[in-house]
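Peer 1: Below: one structure in structure tokens.
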Amino acid sequence: MSKLHLPKITFWQTVVAIIFMAGAYAAFSRFALGFQQSTHLTDAQPWGLWVGLGTLCGVGLSAGGFAIAAAVYLLGFERYRQVVRAAVLLSFLGYLSVIVGMMYELGLPWRIWHPIVMWNRHSVLFEVSWCVMLYTSVLAFEFSPSLIEKIPLPRLRKLYLRLHHHLLIALVLVGAILSSLHQSFLGGLYLLAKGKLDPLWYSSYLPTLFYLSAVPAGLAATLMAVFLCNRSLKTRVDPAILSEMSQIIAPLLYLYALLRFTDIVTHGVAGYLFQWREETLLFWVEIGLFVIAPVALLSRARVRNSPQALYGTCSMVVMGFMANRLNVSITAFQTTSGVYYVPKWTEFALSLATVTAAAVAFHYAVRYLDILPRTVPEPTWTANDPATA
Amino acid sequence: MGRTKAILIDITKCIGCKSCEAACKQIHGFPPESNGELSPTTLTVVEQHAIGQSEDRFVRRLCMNCQDPACASACLVGALKKTDLGPVTYEASKCIGCRYCIVACPFSVPRYEWSKLAPTVKKCDMCYARQAKGQQPACVEACPVQASISGWRDELLEEAQRRILADSKYVKHIYGSEEVGGTSVFFLSDVPFEKLGFKLVPAQAMPILTANALGDIPTVVLVGGGLLAGLYWITNRRKLVAQAEGVDIAQVTGEKESHHV
């Protein structure tokens with residue numbers, strides 16, 4: 001008797017399917033019913049989860065691509081060449097998810113092209129939109145060889161890769177500058193919220209603080225992605241490289257904390273650090289996760305030399321970073337606006353579905369393209385390995 | 001900027017009849033209902049504030065039409081604009097719905113049509129279309145007691161100053177003369193402004209806050225670009241020297257064998 005071979009449905013496939021179904025309903029409610037039905041946004045809280053999580057965290061956590069590309073191609077850190085493709089891919093998918101997020105965050109998304117022809121050079125958001133457009137194009141170009149080299153047309157392949165080689169250095173340099181500009185200008189957006197934003201977050205150094213926090217957070221996110229690939233996708237990145245990356249993250253976190261606290265003291269708002277308020281509590285949660293715990297952990301060789309422990313530490317950095325962006329964009333407004341915003345479930349669902357789509361795309365790209373060094377032969381389309389679901 | 005138009009609102013004269021509200025709704029074709037707050041169909045509203053036991057003051061809320069508006073500097077497509085005549089106008093056909101103007105407004109005035117499928121921003125523009133034709137704003141024209149008057153900004157400031165000097169009941173401040181670098185809507189009051197729900201806003205014009213950051217762009221591009229290019233030159237030079245000396249580049253940089261580009 002012959003046995004029917006159906007592909008096994010794994011746990012993660014089920015989770016992803018549920019997330020996509022919830023996201024599909026949320027997208028329906030956003031576009032067919034409008035903001036009022038799909039969000040808890042109000043005039044007092046006009047930017048919510050889709051900006052705080054989708055845009056601010058999405059762009060910030062995608063900072064690893066420019067940082068590692070610049071380190072490898074411009075500064076000669078050849079050791080990191082192993083992970084540069086993964087870092088660029090992660091950033092590229094991160095920016096694509098931000099752009100997809102814009103399609104439901106904007107009230108009139110079919111006019112998303114307007115900033116290309118309608119200019120206001122006094123607007124920080126105008127600069128951000130141009131930087132994001134240009135940098136996403138740079139990332140697409142940086143990533144393109146991974147796809148092009150799979151095209152079975154040797155001459156076209158060779159021609160393209162030669163062109164790519166000639167332009168790469170210049171574009172990595174341009175990408176680093178574009179990234180530095182818009183990573184900081186995302187913080188610059190909130191300079192206009194003077195008097196609305198809680199004193200523990202409002203600062204004239206918001207652009208610098210956003211930049212200095214995005215780089216270590218982006219590196220931590222890249223490290224996490226590489227760890228997961230090593231664990232589940234049979235890639236073979238030298239664990240020593242992850243350990244070295246973590247040694248860059250720690251000093252960057254120090255630098256950030258130094259500026260953050262100096263800034264709080266010189267702005268004369270240090271008193272808020274020790275008041276019994278919700279904001280102060282959230283501030284310490286943010287600083288504890290983003291700086292204090294990771295710096296303490298990374299100072300131990302045992303943590304640095306254990307990929308699992310590094311993964312855990314980096315997830316703290318990422319969570320602390322997300323806490324910071326959500327504090328700036330949501331909780332730091334609550335006292336002055338008098339409105340306690342809690343996102344509606346459809347807001348969570350749509351954000352989660354967007355991030356999940358990026359993660360699924362990353363998964364398949366690592367499986368079927370040459371993104372990271374490998375140990376085993378490439379899986380075939382009929383492969384049925386629960387670990388790679 | 002030449003002479004600009006403004007509105008002067010004397011809180012001591014307002015009787016709370018809400019004729020301004022009704023006139024505003026009528027001219028825009030909005031439904032007459034109001035929940036007592038600014039909304040996409042209520043661009044000006046009369047708020048009642050209790051002072052002591054039996055006394056009330058009526059305060060109109062509307063867009064302040066700032067001289068150097070935060071919203072106009074925030075708007076990435078330039079849909080919001082400070083006109084030469086004074087009003088801050090909104091061109092709905094440009095708007096992409098990012099809502100940064102609502103985040104940026106120090107007075108929390110702009111309203112968004114959250115319930116619509118193609119939502120736009122709504123706010124008072126001091127009846128720009130009417131004023132351009134030499135008419136008064138609808139709310140001013142409707143005011144039966146001249147609590148709201150309109151005219152040239154400099155003349156209204158002088159008038160406000162005159163009233164303050166002539167009568168000691170007034171608070172010695174024209175709200176809007178200096179707030180966020182000056183607005184086009186002024187208030188006079190005999191009760192401290194903070195007791196009437198007026199916001200304590202920064203004295204400086206808001207766009208300066210971001211102009212400084214934007215001014216750093218050329219520095220970032222030149223210094224950052226120069227630095228990175230210089231570092232690349234050094235990196236590349238080291239490789240070339242190593243190659244010329246016949247040393248394996250992998251030994252110099254510690255590069256491991258890799259199939260990557």
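Bear in mind that the values in this text are calculations on the coordinates, not laboratory data. Every value quoted in this text rests on a predicted model; they were computed, and no experiment measured them. Every residue, glycine as well, gets a Cβ built from its backbone with ideal geometry; the counts of neighbours run over all protein chains shown.
Peer 1: When the distances between all Cα atoms of chain A are binned every 10 Å from zero, what whole-number percent does each bin get?
Peer 2: Answer for chain A: a P(r) of 5, 21, 31, 27, 12, 3, 1, 0, 0 percent.
Peer 1: By the gyration tensor of its Cα atoms, with a ≥ b ≥ c the square roots of the eigenvalues, what is the shape of region A:1-136: rounded for a/c under 1.5, prolate for a/b over b/c, or oblate?
Peer 2: Numbers: a/c = 2.54, a/b = 1.07, b/c = 2.38.
Judged from the Cα gyration tensor, region A:1-136 comes out oblate (a/c at least 1.5, b/c at or above a/b).
Peer 1: Sum -39500 (n - 2.57) across every DSSP H segment of at least 4 residues in chain A, then divide by the residue count to get the 222 nm mean residue ellipticity, nearest 500.
Peer 2: On the way: 16 runs with 242 residues, N = 389.
Computed ellipticity for chain A at 222 nm equals -20500 deg cm²/dmol.
Peer 1: While we're looking at this one, here's another question. For the protein assembly as shown, just the Cα atoms, rotate onto the principal axes and tell me the three extents in Å, largest first.
Peer 2: Answer, in whole Å and largest first: 91, 68, 53 Å.
Peer 1: Treat the count of other C-beta atoms within 10 Å as a stand-in for reagent exposure and order A:341, A:368, A:256 from fewest to most. Don't skip to the end; give the middle numbers.
Peer 2: Numbers: A:341 21, A:368 14, A:256 24.
Lowest to highest Cβ neighbour count: A:368, A:341, A:256.
Peer 1: Okay, moving on. Just to confirm the number: angle between the C-alpha axis of helix A:11-28 and the first principal axis of chain A, 0 to 90 degrees, nearest 10?
Peer 2: Relative to chain A, helix A:11-28 is tipped by roughly 50 degrees.
Peer 1: Antiparallel as a % of all DSSP beta bridges within region B:5-209, to the nearest 5?
Peer 2: The antiparallel fraction comes to roughly 85 percent.
Peer 1: Quick one: work out Rg over Rh on the C-alpha atoms of region B:5-209, Rh as Kirkwood radius.
Peer 2: Reported Rg/Rh, Kirkwood definition of Rh: 0.95.
Peer 1: Given Cβ point charges of +1 (Lys, Arg) and -1 (Asp, Glu) and nothing else, what value in debye, to the nearest 20, does the dipole of region B:5-209 about its Cα centre take? Could the numbers behind the result be given before it?
Peer 2: Working: 24 positive and 22 negative charges, 92 e Å.
Its charge dipole is roughly 440 debye.
Peer 1: Moving on to the next point. Straight distance only, please: which aspartates and glutamates reach the Cα of residue B:82 with their own Cα at less than 12 Å, same-chain residues fewer than 8 apart left out?
Peer 2: B:68, B:91, B:125
Peer 1: Now for a separate question. Among the listed pairs B:94/B:172; A:150/A:344; A:196/A:344; A:194/B:133; B:5/B:195; A:8/A:344, which have their C-alpha atoms separated by more than 31 angstrom in this model?
Peer 2: Working: B:94/B:172 41 Å; A:150/A:344 43 Å; A:196/A:344 23 Å; A:194/B:133 37 Å; B:5/B:195 28 Å; A:8/A:344 34 Å.
Distance filter (> 31 Å) returns B:94/B:172; A:150/A:344; A:194/B:133; A:8/A:344.
Peer 1: Can you compute the FRET efficiency between residue B:13 and residue A:204 using 1/(1 + (r/R0)^6), with r the Cβ-Cβ distance and R0 = 35 Å? Round to the nearest 0.05. Please list the in-between numbers first.
Peer 2: On the way: r = 41 Å, r/R0 = 1.17.
Step by step, r from the Cβ atoms, then E = 0.30.
Peer 1: Next question. Under the rule a/c < 1.5 gives rounded, and otherwise a/b versus b/c splits prolate from oblate, where does region B:199-244 land using the Cα gyration tensor? Numbers along the way, then the final one.
Peer 2: Working: a/c = 10.95, a/b = 6.04, b/c = 1.81.
Prolate, since a/c reaches 1.5 and a/b exceeds b/c.
Peer 1: Using 1/(1 + (r/R0)^6) with R0 = 41 angstrom and r between the beta carbons of residue A:21 and residue A:236, what's the FRET efficiency to the nearest 0.05?
Peer 2: Numbers: r = 35 Å, r/R0 = 0.86.
Once the sixth-power term is evaluated, E becomes 0.70.
Peer 1: Further question: So what is the 222 nm mean residue ellipticity for chain B from helices alone, if each DSSP H run of at least 4 adds -39500 (n - 2.57) and you divide by all residues, rounding to the nearest 500 deg cm²/dmol?
Peer 2: Working: 9 runs with 78 residues, N = 261.
Helix-only estimate at 222 nm: -8500 deg cm²/dmol.
Peer 1: Residue by residue through region A:303-311, which ³J(HN,Hα) values in whole Hz follow from phi under the Karplus form 6.51 cos²θ - 1.76 cosθ + 1.60 (θ = phi - 60°), with glycine and proline marked x?
Peer 2: 6, 4, 8, 10, x, 4, 5, 5, 4
Peer 1: Now for a separate question. Between 0 and 90 degrees, rounded to the nearest ten: what's the tilt of helix A:278-287 against the longest Cα principal axis of chain A?
Peer 2: Taking Cα atoms only, the helix is inclined about 40 degrees.
Peer 1: Within region B:1-88, report the GluC sites (Glu not before Pro) that DSSP leaves as loop and that have at most 12 other Cβ atoms within 10 Å. Before the final figure, lay out the partial values.
Peer 2: Details: sites: B:21, B:33, B:37, B:47, B:55; in loops: B:33, B:37.
Passing both the DSSP loop test and the Cβ count: B:33, B:37.
Peer 1: While we're looking at this one, here's another question. For region A:107-235, what is Rg from Cα atoms divided by 2.2 N^0.38 Å, rounded to two decimals?
Peer 2: Working it through for region A:107-235, the quotient is 1.37.
Peer 1: Which helices, taking whole DSSP H runs in chain B, have alpha carbons extending 18 angstrom or more along the helix axis plus mean Kyte-Doolittle at least -1.0?
Peer 2: Numbers: long enough: B:153-166 (20 Å, -0.82); B:225-244 (28 Å, 0.26).
Those that clear 18 Å and a mean of -1.0 are B:153-166, B:225-244.
Peer 1: For chain A, find the longest principal axis of its Cα atoms and tell me its angle to the long axis of helix A:124-143, 0 to 90°, nearest 10.
Peer 2: Once rounded, one gets 10 degrees.
Peer 1: Would you kindly enumerate the cysteines in chain B that have no other Cys beta-carbon under 4.7 Å from their beta-carbon?
Peer 2: Among the cysteines of chain B, those whose Cβ sits 4.7 Å or more from every other are B:14, B:17, B:24, B:66, B:75, B:95, B:98, B:105, B:127, B:143.
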